[in-house]
Amino acid sequence: MALDRRALLAAGIALPLAARASATPPPDNSRPANVRPDASFALWPDGHIQPPAGLVEAVVQRSDDPNASDRMLQGITRPRLDVFRPAKPNGAAVLLAPGGGYRYVVIDKEGYELARWLKARGVTVYVLFYRLPGDGWANGADVPLADAQRAVRLVRSRAKLDRIDPARIAFGGFSAGGQVATSLLTRFDAKVYAPADAADGLSARPDALAGFYPVVSMDPVIAHAVSREKLIGAQPDAAREKLYSPERNVRPDQPPLFLLHAEDDNVVKVANSVRLREATRGIGAPCEAHFFERGGHGFGLMKTAGLPVAIWPELLWNWLASHKIV
């Protein structure tokens, strides 16, 4: 699906946005205890979505190390994008969906960590805090995908404002955020929400998509049990299980795909990525996959020291370059 760059740029919606000065990044071998986004904005206009009664948003700090923040956001009532703006944008944009088993969305690990790494290389990064399917939303199974679609469209609509190329937008997801990403891979044009404004006339198809140790399948043999139950319930019928299993919905016009997984992942089975790779290659769609002997689950950037998997950010960068994103 080709994108008309001139048309997308012309459709830019100029939204005023006050940018805050970003913190100086800490050394690469430390967690981003003091990293802050340059801006943040809501996905939806006021009143377009109605949070379930009693849902309260909260940040929970899981680390007792003052130099290693590890926060999670739960009870998300205001889905949003936190923006990391490089001093000299290269025109590329990357949206990131962190994991959390569809119970919460982590902030630092899988979000701000990779955002600062990409920002340092000139990429404009948007960290997506998406609604959670088990929090009582109407059509709960579709709210993560709705937020992902809306995020891509909104970023495209802001191309002039954020100095990005609307035809160089990548989307990446970790763990359960990888299920958000791979759902977007195959259902980027599914009608899962009512249009909110002019941005929803733009394409929600990313120009490239990556899954990092992703939850993919709803097949109970390999599914991440918690994510599966939160997304489709404890006893889904066969049609529902299929609809929410991206490996069973691959299509020739899906974006180029990058997959990363450790063979010793004891939380999300590597078979999730293997099946998606096989299905993608089976229809002739582009896919690059990297499987490492060791790494476990949730390694992000900071839990790879001394392991071959530590090279993964460079592999991702080279793949993005090969598809003319960066």
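Here is how the numbers come out for the structure above:
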item	result
Residue in the range 80-102 that is surrounded by fewer than 24 Cβ atoms within 10 Å (Cβ to Cβ) and hydroxyl-bearing (Ser, Thr, Tyr) present	no
Test: ALA199 is touching a Lys or Arg at 6+ places or on another chain (Cβ under 6 Å), at pLDDT 95 or above and closer than 24 Å to ARG158 by Cβ	yes
Every residue from the range 119-140 that is touching a helix residue (DSSP H, G or I) at 6+ places or on another chain (Cβ under 9 Å) and in a loop (DSSP other than H, G, I, E, B)	ARG121, VAL123, TYR130, ARG131, LEU132, PRO133, GLY134, ASP135, TRP137, ASN139
Positions within the range 198-218 being in contact (Cβ under 8 Å) with a residue 40 or more places away in the chain and within 14 Å of ALA271 (Cβ to Cβ), in sequence order	GLY211, TYR213, PRO214, VAL215, VAL216, SER217
Given (1) surrounded by fewer than 18 Cβ atoms within 10 Å (Cβ to Cβ); (2) more than 13 Å from ALA210 (Cβ to Cβ), number of the condition PHE299 does not satisfy	(1)
Check on ARG116, touching a helix residue (DSSP H, G or I) at 6+ places or on another chain (Cβ under 7 Å) and basic (Lys, Arg)	no
Residue ranges of strands (runs of 3 or more DSSP E) in the range 50-103 with at least 3 members among the polar types (S, T, N, Q), under 20 Å from the mean Cα position of the chain (by Cα) and closer than 24 Å to LEU209 by Cα	none
Cβ-Cβ under 6 Å pairs, at least 6 apart or on other chains, the range 103-126 side in contact (Cβ under 8 Å) with a residue 24 or more places away in the chain and within 28 Å of ALA225 (Cβ to Cβ), far side polar (S, T, N, Q) and assigned to a loop (DSSP other than H, G, I, E, B)	ASP108/SER69
Residues satisfying the stated conditions in the range 164-179, i.e. polar (S, T, N, Q) and either more than 16 Å from ALA146 (Cβ to Cβ) or at pLDDT below 95 (or both)	SER175
Candidates VAL56, VAL83, filtered to the one that is within 19 Å of THR124 (Cβ to Cβ) and of a type in the set (Val, Ile, Thr)	VAL83
Condition broken by VAL127, with the remaining ones in (1) hydrophobic (A, V, I, L, M, F, W, C); (2) farther than 30 Å from ALA321 by Cβ; (3) crowded, with 20+ Cβ neighbours inside 10 Å satisfied	(2)
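The values are calculated or read from the model by the stated rules, or taken from the named source; none is laboratory data. Owing to the predicted nature of the structure, the values given are computational and were not obtained by experimental measurement. With ideal geometry, Cβ positions are generated from the backbone for all residues, glycine too; neighbour counts draw on all protein chains shown.
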